[in-house]
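Values in this text are rule-based calculations from the coordinates and carry no lab data. Please read all numbers here as calculations on a predicted model, not as lab measurements. As a convention, Cβ positions derive from the backbone with ideal geometry for all residues, glycine included, and neighbour counts pool all protein chains shown.
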Amino acid sequence: MENGAARTVPAVIVAIDGPSGTGKSSTSKAVAAQLGLSYLDTGAQYRAITWWMVSNGIDIGDPTAVAAVAGKPEIVSGTDPSAPTITVDGTDVSGPIRSQEVTSKVSAVSAVPEVRTRITELQRSYAAAAETGIVVEGRDIGTTVLPDADLKIFLTASPEARAARRSGELKGADVQATREALIKRDAADSGRKASPLAKADDAVEVDTTDLTLQQVIECVVTLVEEKRAAG
């Protein structure tokens, strides 16, 4: 029965982009779980390669040094939305990649074109391999990684709402300091030459400022179901 259902529902590729603190990860995981899709956290992949660079003493401030070793680490993402995993050279790095050190350096590493090319190829391979479909979240999925995605969603929220959410995640963090860090990160991500954070022309924008997480999930699930019905 399950196989029959999988065949009748066309595979759907959903790109969810937006800056941090917009509810992107929570929404993407829940939508994928609800609809029986795979899930890929592309930010975790950039964090993983950044963690590897830091662990191996690579000078993050030297793009040439970063570019020279961009192909070395083996990064593997588990795409089960209820328990996503990420390993580097066989080591589980889901905890270490969330450290403050990695967070402060991921924008610099992500801006190196060779890094983006490597990770983008990896992301496309996961999307191509997802039999029932996949929800891919990031900052340049709809514009660069998967420009032919069936549905593109761009989540936004006010800086205040995003800072409150992020400081809630980062136990005991100062909301004002978090807000300043987010604005700085936005500027770095939006201003970089290689695949900047941007909304695709054909993306549906969802402002999550005044919505609960459940409302955002319902909104996105409805959009995906409408797309499936039309497809």
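For GLY138, enumerate residues with amide H under 5 Å from its amide H, sequence gap 5+ or separate chain, H modeled in the peptide plane. Here ILE16, ASP17, GLY18 satisfy the definition.
A crude spin-label estimate for the pair LEU213 and ASP148, with each label 7 Å from Cα along the Cβ direction, gives 3.5 nm. Between the amide H of THR208 and those of THR156, ALA157, distances stay under 5 Å, these residues lying 5 or more places away or on another chain, with hydrogens modeled in the peptide plane. Structure note, pairs LYS24/LYS105; LYS184/LYS227; LYS72/LYS184; LYS72/LYS199; LYS24/LYS227; LYS29/LYS105: Cα-Cα distances above 27 angstrom occur for LYS184/LYS227; LYS72/LYS184; LYS72/LYS199.
Under a 5 Å amide H cut-off, with hydrogens placed 1.01 Å from N, ILE13 pairs with ILE134, ASP150, LEU151 among residues at least 5 apart or on other chains. Backbone geometry of the stretch 41-58 corresponds, through the Karplus equation with coefficients 6.51, -1.76 and 1.60 at θ = phi - 60°, to 3J(HN,Hα) couplings of 8, 6, x, 5, 5, 5, 5, 5, 5, 5, 4, 4, 4, 4, 5, 9, x, 6 Hz, x marking Gly and Pro. Summing Lys and Arg as +1 and Asp and Glu as -1 over all other residues whose Cβ lies under 15 Å from the Cβ of SER55 gives a net charge of -1.
Note on ALA230 and ASP92: their simple-model spin labels are 4.1 nm apart, each label 7 Å out from Cα toward Cβ.
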